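The values are calculated or read from the model by the stated rules, or taken from the named source; none is laboratory data. Because the structure is a prediction, the values reported are computed rather than measured. Virtual Cβ from ideal backbone geometry, glycine too; neighbours counted across all protein chains shown. Remember, those area values only see protein heavy atoms, side chains included, never the ligands or the DNA or RNA. Shrake-Rupley method; radii C 1.70, N 1.55, O 1.52, S 1.80 Å.
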Amino acid sequence: MSFYGLVDGSEKSLKTFLGQLSGVDQVGADARAAMLGTRSIKTTSKRWAIDMAISMVDLTTLEGADTPGKVRALCSKAVRPDPTDSTVPSVGAICVYNDMVAIARTQLDAIGGKNIPVAAVSTAFPSGRASMEVKIQDTQDAINAGAAEIDMVIDRGAFLAGNYGLVFDEIVKIREVCGDRAHLKVIFETGELVTYDNVRKASYLAMLAGADFIKTSTGKVAPAATPPVVLVMLEAVRDFYSMTQRRIGVKPAGGIRTTKDAMKQLVLVKETAGEEWLTPQLFRIGASALLNDLLMQRMKIADGYYASPNYVTID
Amino acid sequence: MTFEYAPALESRSIVEIKSKYGHFIDGKFVPGKKYFPTLNPATEEVLSQISLGTTSDVDKAVAAAQKAYTKTWSKMSGKERGKYLYRIARILQERAREFAVLETLDNGKPIRETRDIDIPLVAAHFFYHAGWADKLDYAGLGHSPQPYGVAGQIIPWNFPLLMLAWKVAPALATGNTVVLKPAETTSLTALLFAEVCQQAELPNGVVNIVTGDGSTGATIVNHPGIHKIAFTGSTEVGKKIARAIASTDKKATLELGGKGANIVFDDAPIDETVEGIVNGIFFNQGHVCCAGSRLILQESVADEVIEKLKVRMTKIRVGDPLDKNTDLGAINSKEQLLKIGELSAVGDAEGAERWSPACSLSEKGYWFAPTIFTGVTQAHRIAQEEIFGPVLSVLTFRTPQEAIEKANNTPFGLSAGIWSEKGSRIFWASQQLKAGVIWANTFNKFDPASPFGGYKESGWGREGGRHGLAAYLKTGKESGAK
Amino acid sequence: MATKKIARVEVKKTYKLFINGAFPRSESGRVFEVTSRKGEFIANPSLASRKDLRDAVTAARAAHSGWSKATAYNRGQILYRIAEMLEGRSEQFASEIALTSDVTPLKAAAIVSESIDRWVWYAGWSDKLQAISGGTNPVAGPYFNFSIAEPQGVIAIASSPSFLTFIDAIAAAVVSGNTTIVLVPGGLSVPAMSFAEVLATSDLPAGVINILTGSLDELAPWAASHMDIDGFDISGIEKKRRGALKEAGAENLKRIHAFDGKLSPTRIQAFMESKTVWHTVGV
């Protein structure tokens, strides 16, 4: 088999490919991300960026305490984030556990959210510690229930032990299960991979194996989507594009709670991967609390005074 | 619509610029006789009128400095001197934004740099040296090292207030008093610093500031009441100073030009290397004596690095220095702009290949697009002469020894960069390079605790760190004939 | 009903301990009485117990990583900030010192001034220690060899009763990046707890300096034997009692030192370790 003509999928070819990637200097990457964090987004560009960010939100609930009621409420929020203002765009997707997919899909269809995809976390999320059979079944269930996007976790233990072939094979198999029916996002849990060198390697591993998106984190481990981690991933998709002419998406998730955080992410996208990635097709933000802060900032721009959480709905 | 950054202007209302300024002598502002304008190089707007220092002004300043030295400053304990420096550091921190805006207006450098780099480093310099004032016995310069007396200090326009700090903080910490001349085009922050000295209740005459041009500087250098010269500027003027004081007992430190080699090995962390190359040559519009103005690439990665560098250069935001999102500001003066243009034309004529990203430059003010020349060889003038602008010359090498030979093949020796993820190679290269400051996997980093200065025609002595104190203290080594 | 004009009643301060940036009472609930020279009541500081000491060590250990990794410049600025706060309350310290020890108000004011200047002196060392402690070593061979000084970790201090020595001991320990537990005896508890208030308003991270008031006789042996304390400044312990503490501290080879009042960076270096790094040099 050949993957983009770059590797044949064997452990040896993966080790060779990943081994010739340039290292990431931590200090330099941190400095670049911090510098981009000083960009000042004002007035017209802020208004544009807030709406873009809203449309990129994968509105997420991933709790043991999730109920159908909670998920339905989230769906309403996804379709009309601000019930008093129809100019607010819908979010990018709803992200739930496998067993909530059907509920979310039905609800979205019922309330005018046919265009909003349901994403399901999969492959024994968040730890990934299960047999391949279970992971495949997990994915299959979600797709059958109507998930159009699969957010799978990689086997971090295998990655850290250097068993790249194992990690790669799992992604390839889940890619096969997804087929044409679902987009595949591959979650690294960068807080467990720790080094930027690992983040870069994992990015290429996932892209070569057929990921449509690479995603930072489950949201269950901190640190998650830090700016330098996202920077390294954006560099990877940029360079992968020049190798293969295929654009892979990036999804930071975890720790992005404020409009300011979101603006920093959009700046990273613009100045690293480029404007082409500034679309929900290629950039998503996994978040829950973020949406309300974006709405409050949007109100501030419209009204000219600061908003209060009392005027945005909880989900 | 695409994601364009709307203007994000730092407010200039925080600074109040007077219509004209006198000199600061003996704790007071005294009017000059003749004035010359200082411009905002981004707009050519006249900001204020600056006094042109005369022989008589310099005489008064030196007399005030000598009096302050004899009567007050040399009698005061290091502990008390240090407390004045701490005060100055703290007031600079309190008024940091005001200084940042004023520096940007007068110099043309982006507010992001004055706000995040220049002014914080200025305060850090005073803070660091404040702590030395009562610890000079531990500086490795013998017991109770003594100051020279009155230091004449002449500073350049590229980092106006930072160069002032590099000069004034160690001089005061070691017990000297100073007569300082800021650069002709950038006097305003030095004059605002004079206000800080007043707020800190620094004894009169300890710091004196005489503004003016090269003639005022020459008067300071040649003044018999000056015991020590500290100069940062061109190698040409540095040599003049060296000749002028040759037959005197005056001591001197000189921080002069450079043509820094930035060497990229094939195992470099490429993305961060590209950032470092950009920071090395486009930081402060390339108006940096230690700029990495010669990029020396290992051939096996040259194409990749140049390609990524060009992509990165398209992201450089050239424009209004007061805009918080500006990366590259205005060239400091018309004169400097002409010089950069001339040397770049030489590059074209010598057959090097010029490239700049598309960027629209304002009609008003002095601007130069970020530029690289590829296909440069050692024989090219743009590989030898300091351009002091946002212009990078790119050369290549095949073996590490060749990289070192090319890097050292210059009369300068101020700075160099090494990019490699292999530790032993970094230490090997840093041992071979003849330069006073070597950055590995970074570039253009400054810290008051770190000595700075050059080999060969890049100057004499070091500033900063424990080493920098030696420049302002009589030590056994220096007490002999020079 | 007509009331007689009565002088305003002063609001008095409650004395507690200073552990992990907070002001808890002793878990033991005990206090002791501080009186003036004339025997007048001044305050009831907490009488810290070994369990308070244990909590303070936990706090100091947790704070060590952040404090020692902060840049030397940052540490220097925070310590200098403490001097600024001290200066602003110098009259309060002078009156507390005069009240609780055997010195005149004039002398007390001089002690406070000297203490502030000493603190500033130590603060200035933060980013200069390496310049006098470390350096490269010219080993024979293709190696780049350098030595750097690092803080030891958690240092306990048994303070002698004077405010100036209390200040000296703390500053010397923390400037390099150590964190501390200071055991404070008797009347010094009064200005020491005001000093804790200074620390609490100086951006000093919680747990870097912990102050326990009480009995050195009771607490010092527990500190000496505590296996998670790396160093112990016993300047405040009588000479004849130091041997027993050193013996107890031998169990984890604790660095135990006593200092005279002489101002020298060697006091800072006493609670630092030297680390030497060998690195190959080759193309």
Check: Which of the residues spanning the stretch A:166-189 are under 22 Å from residue A:281 (Cα atoms) and open to solvent by less than 10 Å² (accessible area, probe 1.4 Å)?
Finding: A:171, A:174, A:178, A:182, A:184, A:185, A:186, A:187, A:188, A:189
Item checked: Residue tally, condition open to solvent by less than 60 Å² (accessible area, probe 1.4 Å) and either outside the structural domain of residue B:115 (by TED's automatic domain parsing) or of a type in the set (S, T, N, Q) (or both), over the stretch B:16-42 -> 2
Note to self: Being touching an Asp or Glu at 6+ places or on another chain (Cβ under 6 Å) and within 13 Å of chain C (Cβ to nearest Cβ) is the filter here; which residues of the stretch B:69-120 pass it?
What the structure shows: B:78, B:79, B:82
Check: Can residue B:363 be described as acidic (Asp, Glu) and either in contact (Cβ under 8 Å) with a residue 12 or more places away in the chain or buried (at least 22 other Cβ atoms within 10 Å of the Cβ) (or both)?
Finding: no
Margin query: Under 8 Å between Cβ atoms, which residue pairs at least 6 apart in sequence (or on different chains) link something in the stretch C:115-135 that is more than 7 Å from chain B (Cβ to nearest Cβ) and farther than 16 Å from residue B:129 by Cα with a partner that is surrounded by fewer than 24 Cβ atoms within 10 Å (Cβ to Cβ) and among the charged types (D, E, K, R)?
Written below: C:116/C:87
Checklist line | Residue count, the stretch B:320-361 (criterion: of a type in the set (A, V, I, L, M, F, W, C), within 14 Å of chain A (Cβ to nearest Cβ) and touching an Asp or Glu at 6+ places or on another chain (Cβ under 9 Å)) | finding: 1
Next item on the list: Go through the residues of the stretch A:216-239 one by one and say whether even a single one is in contact (Cβ under 8 Å) with a residue 40 or more places away in the chain and more than 28 Å from residue A:126 (Cβ to Cβ).
Entry: no
Next item on the list: Give the stretch B:431-479 a look and list any residue that's assigned to a loop (DSSP other than H, G, I, E, B), more than 14 Å from every other protein chain (Cβ to nearest Cβ) and open to solvent by less than 60 Å² (accessible area, probe 1.4 Å), or say none.
Entry: B:435, B:436, B:453, B:454, B:461, B:475, B:478
Checklist line | Test set (1) within 30 Å of residue B:92 (Cα to Cα); (2) open to solvent by less than 30 Å² (accessible area, probe 1.4 Å); (3) in a helix (DSSP H, G or I); (4) not polar (S, T, N, Q) - residue C:114 fails condition number | finding: (2)
Check: Of the residues that make up the stretch B:98-117, is at least one at positive phi and within 18 Å of the chain's Cα centre (by Cα)?
Finding: yes
Note to self: I need the full set of residues from the stretch A:53-65 which are within 14 Å of chain B (Cβ to nearest Cβ) and surrounded by 22 or more Cβ atoms within 10 Å (Cβ to Cβ), in order please.
What the structure shows: A:53, A:56
Notebook entry, point to check: If you check C:250, C:171, which single one turns out to be within 21 Å of residue C:161 (Cα to Cα) and either in contact (Cβ under 8 Å) with a residue 12 or more places away in the chain or open to solvent by 10 Å² or more (accessible area, probe 1.4 Å) (or both)?
Noted result: C:171
Check: Taking residue C:145 and the conditions (1) in contact with a Ser or Thr (Cβ under 7 Å, 6 or more places away or on another chain); (2) open to solvent by 20 Å² or more (accessible area, probe 1.4 Å), which numbered condition does it fall short on, given that it satisfies the others?
Finding: (2)
Check: Restricting to the stretch B:182-198, what's the tally of residues that are in a helix (DSSP H, G or I) and open to solvent by 10 Å² or more (accessible area, probe 1.4 Å)?
Finding: 3
Next item on the list: Pick out the one residue from B:356, B:344 that is closer than 25 Å to residue B:43 by Cβ, open to solvent by 20 Å² or more (accessible area, probe 1.4 Å) and small (Gly, Ala, Ser).
Entry: B:356
Check: Is it fair to say residue C:75 is over 30 Å from residue C:35 (Cα atoms), surrounded by 18 or more Cβ atoms within 10 Å (Cβ to Cβ) and among the basic types (Lys, Arg)?
Finding: yes
Next item on the list: Please identify the pairs in which a residue from the stretch B:165-185 that is over 19 Å from residue B:26 (Cα atoms) has its Cβ atom under 6 Å from the Cβ atom of a residue that is charged (D, E, K, R) and modelled with pLDDT of 95 or more, counting only partners at least 6 apart or on another chain.
Entry: B:166/B:463; B:184/B:213
Next item on the list: Find the residue count for the stretch C:79-114, including only residues that are aliphatic (A, V, I, L, M) and touching a Pro at 6+ places or on another chain (Cβ under 8 Å).
Entry: 3
Note to self: Quick test for you: out of B:424, B:420, pick the one residue that is among the hydroxyl-bearing types (Ser, Thr, Tyr), closer than 25 Å to residue B:289 by Cβ and within 14 Å of another protein chain (Cβ to nearest Cβ).
What the structure shows: B:420
Check: What number of residues in the stretch C:253-263 are over 16 Å from residue C:170 (Cβ atoms) and surrounded by 12 or more Cβ atoms within 10 Å (Cβ to Cβ)?
Finding: 3
Note to self: What pairs come out if I take residues in the stretch C:181-204 that are in contact (Cβ under 8 Å) with a residue 12 or more places away in the chain and pair them with residues that are among the acidic types (Asp, Glu) whose C-beta lies under 7 Å away, six or more apart or interchain?
What the structure shows: C:190/C:96; C:191/C:96; C:194/C:96
Check: Given the stretch A:207-315, what strands (runs of 3 or more DSSP E) lie entirely inside it while holding 2 or more residues that are crowded, with 24+ Cβ neighbours inside 10 Å and out of contact with any Ser or Thr (no Cβ under 8 Å at 6 or more places or on another chain)?
Finding: A:213-215
Next item on the list: Go over the candidates C:97, C:82 one by one and state the one that is assigned to a helix (DSSP H, G or I) and within 14 Å of chain B (Cβ to nearest Cβ).
Entry: C:82
Checklist line | Breaking point among (1) under 22 Å from residue C:92 (Cα atoms); (2) in contact with a strand residue (DSSP E or B) (Cβ under 6 Å, 6 or more places away or on another chain), for residue C:276 | finding: (1)
Item checked: Subset tally (residues that are basic (Lys, Arg) and out of contact with any helix residue (DSSP H, G or I) (no Cβ under 8 Å at 6 or more places or on another chain)) for the stretch B:271-300 -> 0
Note to self: Among the residues in the stretch C:19-42, are any assigned to a helix (DSSP H, G or I), more than 14 Å from every other protein chain (Cβ to nearest Cβ) and either modelled with pLDDT under 95 or open to solvent by 40 Å² or more (accessible area, probe 1.4 Å) (or both)?
What the structure shows: no
